[in-house]
Structures are given as structure tokens and as C-alpha cells.
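Working notes for the structure below.
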Amino acid sequence: DAGVTQSPTHLIKTRGQQVTLRCSPKSGHDTVSWYQQALGQGPQFIFQYYEEEERQRGNFPDRFSGHQFPNYSSELNVNALLLGDSALYLCASSEDGRGTEAFFGQGTRLTVV
Amino acid sequence: DAKTTQPTSMDCAEGRAANLPCNHSTISGNEYVYWYRQIHSQGPQYIIHGLKNNETNEMASLIITEDRKSSTLILPHATLRDTAVYYCIVRVAGGGTASKLTFGTGTRLQVTL
């Protein structure tokens, strides 16, 4: 079992550009959540996807959007990048209805210049 | 989810027990105490969770006070590989809540020779 995998591991983008990050959940997991972690801070919840729908959302602007595919993998899209979007983006998966803990990927380090 | 309070940092000698405290005085009756840790540049890793009884697994022990307002994570024989940021999180268990976590700033544990 490969666990939660994220791609790419590192990314550099220019202000105003758009970025797409990808996540494959742990085998058997159907729920995916995305987090943003700024340097020195704890991860902050962006949103959660279940059954291809956004189920819950944290306090993030509409520039942050996502998608979940029938195979439960997910994408995080960020439009009109700002310097403040530079962070580690983490994906976590769990099993809805039975899962007691979340499994995290290694994250994607996004740098906006 | 209830708010938690943790010390910013702690030191522990290798081979000794590391005791990490967490205060969660506003915890509700159906909320569990979860512990995750994040080793530098990696995604958070689940350690242990409990409701009101003490719990032990291969990684750690969790001691929850009788009034459930505080808890202690115990790493019985800390090693250098246990150096990480430890997060105490209080949440309702089950369902889609498993991967929707509210992280604070955690306790930075430094294990030294």
C-alpha cells in the first residue's frame, strides 16, 4: 500500500498564475481533505471532498477550488496566485463512516515568486 | 471542535520518557483526544487517540484525566527520530470528520543525546 501520494513534490510559480496539485488517497479511502501549512504554523483546513462533492470548507477564498474523481483521487486548484499562497499543501485521506484517523501525504511545497 | 493548549517546546534526553501535556478544558462529552506528530518536511502522522480511558499502542501511551480537561502523551523511550512537532487535537470521531482536523501550533519536541 503506497499510502497517500501527492504530486508534484515541489513547484515554483509566478504571481497571478494558476496551479494544480494532485493527490491519490490511501487504498480503501474515499474522503480527501486538503490543508495549507505556512512556515512555522500548523496545517489549516482548506476543504474536504466526498463522493465527488465538496462537503466542508475552511476559511479560504474562492481562488481555492478542488475536484474529486470517481477513483477518489483529488486535485487542488489555486487561481491568481499571491505571494502569500507560498506554503506546504497537504492532502489527507480517510474512510467515511468507519475511519478514525487520517493519513497524510508528504505534501507539495509551493513557492510563489 | 474544542480548543487545545500545548507548550511551545520541550526537550527530552534520548532514552528517557517524553511527557507532552495538552489542556482541553472545553472538551465535549462526544469528543476524542487525538495526537499527531509532524517530522520536519513530512506530512503529519497519526499517533494515538482516546475518549476517556488511558490508551497504549506501539508508539505511545495516552493518559486522560478523569475530568477529561487535560491529557498527556507519553513516549516511553524517546529516540532522536522522535524529534518532531506534536499536535493535540480534539474532535468528534467517525465519518468525514476523520480528515477534517483543527491544528494548533503544537509542541516542538527536541530529543537530545
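Every number in this text was worked out from the coordinates using simple rules, so none of it is lab data. Given the structure is predicted, the values throughout are model-derived calculations rather than measurements. Note: ideal-geometry Cβ built from the backbone for every residue, glycine included; neighbour counts use all protein chains shown.
Given the options B:97, B:83, B:65, which has the most mean-square fluctuation in a GNM of chain B, springs set between C-alpha atoms less than 10 angstrom apart?
B:97
Who wins for biggest fluctuation among B:53, B:30, B:19 in a Gaussian network model of chain B, springs between alpha carbons below 10 Å?
Its mean-square fluctuation being the largest, the pick is B:30.
Whole percent per 5 Å bin, from 0 to the bin with the longest distance: what is P(r) over all C-alpha pairs of chain A?
2, 13, 24, 26, 19, 10, 4, 1, 0
Let me see the P(r) profile for chain B: every Cα-Cα distance counted, bins of 5 Å, each bin given as a percent of all pairs.
Each 5 Å bin holds this share of Cα pairs: 2, 13, 24, 26, 20, 10, 4, 1, 0.
May I ask you to sort A:32, A:113, B:90, A:19 by Cβ crowding, counting other Cβ atoms within 10 Å and putting the fewest first?
Listed from fewest to most nearby Cβ atoms, that is A:113, A:19, B:90, A:32.
Once both labels are modelled 7 Å past Cα along the beta-carbon direction, what's the residue B:41-residue B:54 spacing in nm?
So the two model labels end up 3.8 nm from each other.
For residue B:69, which lysines qualify as cross-link partners when the Cα separation must be under 19 Å and same-chain residues fewer than eight apart are set aside?
Hits, sequence-local ones excluded: B:3, B:52.
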